[in-house]
Each structure stands twice: as C-alpha cells, then as structure tokens.
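J.: There's a structure below that I have some questions on.
Quick note: the coordinates plus some simple rules give every number you see, no bench work behind them. This one's a predicted model, so the numbers in the text were calculated from it and none came from an experiment. All Cβ positions, glycine included, derive from the backbone under ideal geometry; neighbour counts span all protein chains shown.
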Amino acid sequence: MISKRKFMAVSTAIFITGAAPGFSQSTPSLKDAFKKDFGIGTALNNAQIEERDPQMTAFIARQFNMATPENIMKSALIHPKWDTYDFSMGDKLIEFGKKHNIKINGHTLIWHSQLPPFIRGIHSQDSIRSFFTDHIKTVAGHYKGKVFSWDVVNEALNEDGTLRKSVFLQYLGDNYITDAFRLAQEASPGTELYYNDYNNEQPAKRAGCIALIKKVKEAGVRIDGVGIQGHWHVGKLPLKDIEESIIQYAALGMKVMITELDIDVLPRNFQGADVSQRMTANEQSNPYAAGLPDTVQQQLAADYEALFNLLLKHKDKVTRVTFWGVNDGNSWLNNWPIRGRTNYPLLFDRANQPKPAFEKVIAATK
Ligand code: G3I
C-alpha cells in the first residue's frame with residue numbers, strides 16, 4: 001500500500017510538473033472520435049518532445065494526431081544569433097511526429113514577439129530585410145517536406161484590424177506579409193501556409209484579417225488557411241463571431257483552424273492573448289488554487305460542448321482543432337497574465353485524467 005506521505009509527494013510532483021501518471025486505456029481518444037471530422041492537435045513543450053515521461057508520450061500519441069511546438073521553432077530559439085541557427089529541438093520534434101504518426105505545424109516564421117535579442121541592435125531596412133529573407137528561407141527550407149504546415153505570419157493585426165506596428169511593418173512596409181508567404185512557398189513548396197492570430201473572430205480584427213488574406217491572394221501568392229487561436233474565457237465564448245468567421249474565411253477558400261484552444265477560468269480584465277499584457281496579483285486573482293468549484297467546471301464543460309457542436313456543424317470548413325497544451329498543468333495560463341496561478345483551461349487535468357468537458361466533447365461526436 002502506498003503511504004499517505006508518498007501519495008502526497010507523488011501528487012505534489014504531478015501538480016508541479018504536470019507529469020502524467022497512468023491513464024486509463026478505456027478513456028476514449030480525441031483523435032479517433034474526430035477522425036472523420038478534423039485533425040486534433042496539441043502544443044508540445046520541451047519535456048514532451050524529448051519524451052522525458054513515457055506515460056506522457058503514450059498519452060499524447062493516443063489522443064492527438066497533430067502537434068505545434070509551443071516555443072522551440074520561434075525565432076529567438078531557432079535563430080539565436082545573426083548567422084547561427086539551432087535546429088536541435090525542432091529536429092527532435094520532427095522525429096517525434098514520425099514515430100507517433102503526428103503531423104507537425106511549424107510555429108512560427110514571422111512574429112513580432114520572441115524575436116532574437118540581436119534584432120534590437122538592427123536599425124537599417126537592409127539588415128531587417130536580410131534577417132527576414134534568410135530566416136524564412138533557412139528555417140522553411142530546413143523543414144521542407146518535414147512539417148505539414150507553417151504558421152507563416154503570426155499576430156500581425158491590431159484589434160481594430162489595422163496592421164500592428166511591428167519591426168517588420170516599420171522597416172519593410174505593408175507588403176511584408178505577402179513577401180513572407182512568397183518566400184515560404186519558394187522554400188517549402190509542398191507545405192500548407194497559414195496566417196494565425198488571436199481575436200480574429202472579432203468583427204473589426206476579422207475584417208483586417210480578410211483584407212490581409214485578399215492582399216496575399218491578389219498578389220498571386222499562395223495562402224492555404226487561417227488560424228483562429230481560440231484563447232477564450234469561460235462563460236464568454238463568442239460563438240456567433242466564431243461561426244461568422246468560419247463562414248467568411250472559408251468563403252475566401254481558406255481552410256479554417258482553431259490553433260491554440262484554451263478556455264481561461266481565472267479573473268482577467270481583458271480579452272485575447274497579447275503576451276506583453278500583464279496584470280498585478282491581488283488576493284482575488286488566484287481563487288481556485290485548492291480546486292475548481294463545480295459550477296465553474298460545469299460552465300467550462302458547457303462552453304466546450306457548445307464550441308465543438310459549432311465546429312462539427314462546420315466540419316466541411318474546419319480542418320484542425322489544436323489545444324494549447326496537453327493538460328491543465330502544462331498550460332501557459334498558469335503563468336500569464338499573472339505568474340504562478342492555478343488554471344484549468346483544457347480537457348485533461350494535471351494527472352491527464354479527463355474532465356467533464358472532455359466527456360462533453362466526445363459526446364458531441366455521437
Ligand atoms: O526558457 C526560459 C527559461 O530559460 C527561463 O528561465 C524562464 C524564466 O522566465 O523563461 C523561459 O522562457 C519562457 C518560455 O515561455 C518557455 O517556457 C518565457 O519566459 C515565456 O514568456 C514563454 O511564454 C510563451 C509565450 O508564448 C511567449 O511568447 C508560452 O510558453 C507560449 O505558450 C506562448 O504561446 C503563444 C503563441 O506562441 C502565440 N499565440 C499566443 C500564445 C500564448 O501567449
């Protein structure tokens with residue numbers, strides 16, 4: 001028999017690391033349940049890519065058929081110095097995908113955030129242009145035939161639909177998005193190419209996203225799909241806007257994906273996923289450290305149910321749904337917009353056990 005002390009130690013370790021103990025083989029598999037509808041993906045962190053926990057590896061392989069690296073393909077990590085690229089973790093991810101029959105979505109080629117520090121010292125258009133061109137050619141070229149798709153450009157829009165004043169817009173002008181897709185297409189012709197953003201189901205940002213897609217297409221450059229990240233908040237899912245967006249993006253010939261799905265249950269005073277936005281902690285900001293109240297658990301389940309019913313209604317247009325993390329313990333929402341909180345945004349708890357939301361999502365397929 002396991003002693004109480006040992007049990008506490010094990011459960012604490014699970015809580016802290018998000019490591020997975022055994023999981024039941026009788027738990028249905030998401031990827032199998034949605035086999036005829038759309039792909040089911042997850043974001044993967046370093047520990048998962050390196051298969052440090054065999055039970056976690058088995059769990060991922062059973063539940064998901066697509067994956068996005070949570071951080072390791074971002075430019076700061078894959079291109080740390082002007083003429084140095086580090087493909088070590090990305091290559092491990094490709095091997096992980098091959099071994100477990102999981103398609104990899106590269107994330108991301110051009111993003112204003114998590115840029116390599118050397119960019120800060122560059123103030124000439126020529127140098128930004130050569131960084132931009134070399135980065136896309138080298139990274140997309142390295143993974144040619146190895147990744148299924150790329151988030152070519154990430155989060156280029158402001159909430160009002162105008163273009164974000166990123167270093168790329170400032171130095172390269174408003175054709176940089178089209179240029180990015182053109183370069184990605186040349187470097188990796190067989191790969192699907194997407195634009196990805198948060199809040200782009202909201203009408204103003206959606207209009208900006210539609211204009212962006214049209215501009216790329218009108219230049220004769222290929223763009224295959226659009227990712228609606230899907231960082232939403234419990235009890236406030238914008239279902240009408242999501243539906244309208246799926247319809248409008250699909251009408252442009254885009255594959256539509258929910259690419260970073262999670263439903264935040266903690267207090268927050270703004271929407272979206274701008275990583276530079278932060279909140280100050282106070283006594284009310286981490287209310288569920290000891291566990292999620294049933295009312296919130298049920299609301300979370302109802303939100304997931306309504307969302308998947310909607311996505312299934314449009315399964316002819318939706319090609320993939322990716323969760324931003326495997327289980328609640330892995331979620332970035334434990335550390336944003338306030339560090340060290342206890343969040344519950346996904347379908348599996350910190351021990352990889354299915355939550356009521358998981359049961360609802362599986363039931364939606366029946
Ligand atoms: O690796 C360093 C570690 O060496 C250091 O000790 C530690 C101290 O803070 O930081 C570690 O880096 C962290 C990194 O995640 C890896 O864990 C960064 O601080 C942290 O900011 C970073 O957060 C990531 C965030 O993007 C940064 O932009 C999240 O994990 C990741 O989930 C999040 O993902 C983004 C998508 O790419 C784009 N859409 C929004 C989404 C959520 O923000």
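J.: Which of the residues that make up segment 315-336 are under 20 Å from the mean Cα position of the chain (by Cα) and more than 16 Å from the ligand (Cβ to nearest atom)?
T.: 315, 317, 318, 319
J.: Continuing with the same structure: Just need a number here: residues in segment 133-159 that are under 23 Å from residue 91 (Cβ atoms) and either of a type in the set (Asp, Glu) or not in a strand (DSSP E or B) (or both). Break it down into steps so the answer makes sense when it comes.
T.: Going through segment 133-159, the residues under 23 Å from residue 91 (Cβ atoms) turn out to be 133-152, 154.
Okay, now just the ones that are also either of a type in the set (Asp, Glu) or not in a strand (DSSP E or B) (or both), so 133-148, 151.
Summing the residues that are under 23 Å from residue 91 (Cβ atoms) and either of a type in the set (Asp, Glu) or not in a strand (DSSP E or B) (or both) in segment 133-159 gives 17.
J.: Moving on. Sort out which residues of segment 193-247 are assigned to a loop (DSSP other than H, G, I, E, B) and either free of Cβ contacts under 8 Å to residues at least 12 places away in the same chain or among the charged types (D, E, K, R) (or both), and write them in order of number.
T.: Step one: list which residues in segment 193-247 are assigned to a loop (DSSP other than H, G, I, E, B), which gives 198-202, 219-224, 229-230, 234-238.
201, 220, 222, 224, 236, listed by residue number.
J.: Taking the condition of being among the aromatic types (Phe, Trp, Tyr) and either closer than 19 Å to residue 236 by Cα or surrounded by fewer than 19 Cβ atoms within 10 Å (Cβ to Cβ) (or both), how many residues in segment 327-366 meet it?
T.: 3
J.: Which residue pairs have Cβ atoms closer than 6 Å, lie 6 or more positions apart in sequence or on different chains, and pair a first residue in segment 262-288 that is more than 23 Å from residue 357 (Cα to Cα) and of a type in the set (D, E, K, R) with a second residue that is in a loop (DSSP other than H, G, I, E, B) and within 11 Å of the ligand (Cβ to nearest atom)?
T.: That search, which allows pairs on different chains as well, returns 278/337.
J.: In this structure, is residue 157 surrounded by 15 or more Cβ atoms within 10 Å (Cβ to Cβ), within 16 Å of the ligand (Cβ to nearest atom) and in contact (Cβ under 8 Å) with a residue 24 or more places away in the chain? I'd like the intermediate steps shown before the answer.
T.: Details: surrounded by 15 or more Cβ atoms within 10 Å (Cβ to Cβ): yes; within 16 Å of the ligand (Cβ to nearest atom): yes; in contact (Cβ under 8 Å) with a residue 24 or more places away in the chain: yes.
Yes, satisfied.
J.: For segment 281-334, what are the residues that are assigned to a loop (DSSP other than H, G, I, E, B) and either in contact with a His (Cβ under 6 Å, 6 or more places away or on another chain) or over 15 Å from residue 267 (Cβ atoms) (or both)?
T.: Of segment 281-334, the ones assigned to a loop (DSSP other than H, G, I, E, B) are 281-293, 314-317, 324-327, 331.
Matches in segment 281-334: 290, 291, 314, 315, 316, 317, 324, 325, 326, 327, 331.
J.: Here are 103, 35, 81: which of them is more than 16 Å from the ligand (Cβ to nearest atom) and within 21 Å of residue 228 (Cβ to Cβ)?
T.: Working: 35 fails: within 21 Å of residue 228 (Cβ to Cβ); 81 fails: within 21 Å of residue 228 (Cβ to Cβ).
From the options 103, 35, 81, the qualifying one is 103.
J.: Please work out which one of (1) among the small types (Gly, Ala, Ser); (2) within 16 Å of the ligand (Cβ to nearest atom); (3) surrounded by fewer than 15 Cβ atoms within 10 Å (Cβ to Cβ) is the condition residue 121 fails and give its number.
T.: Against the list (1) among the small types (Gly, Ala, Ser); (2) within 16 Å of the ligand (Cβ to nearest atom); (3) surrounded by fewer than 15 Cβ atoms within 10 Å (Cβ to Cβ), residue 121 comes up short only on (2).
J.: Right, here's the next one. So which of 56, 89, 66, 73 ends up being buried (at least 16 other Cβ atoms within 10 Å of the Cβ), out of contact with any strand residue (DSSP E or B) (no Cβ under 8 Å at 6 or more places or on another chain) and among the hydrophobic types (A, V, I, L, M, F, W, C)? First the steps, then the outcome.
T.: Working: 89 fails: out of contact with any strand residue (DSSP E or B) (no Cβ under 8 Å at 6 or more places or on another chain); 66 fails: out of contact with any strand residue (DSSP E or B) (no Cβ under 8 Å at 6 or more places or on another chain); 73 fails: out of contact with any strand residue (DSSP E or B) (no Cβ under 8 Å at 6 or more places or on another chain).
Selected residue: 56, the only one of 56, 89, 66, 73 that is buried (at least 16 other Cβ atoms within 10 Å of the Cβ), out of contact with any strand residue (DSSP E or B) (no Cβ under 8 Å at 6 or more places or on another chain) and among the hydrophobic types (A, V, I, L, M, F, W, C).
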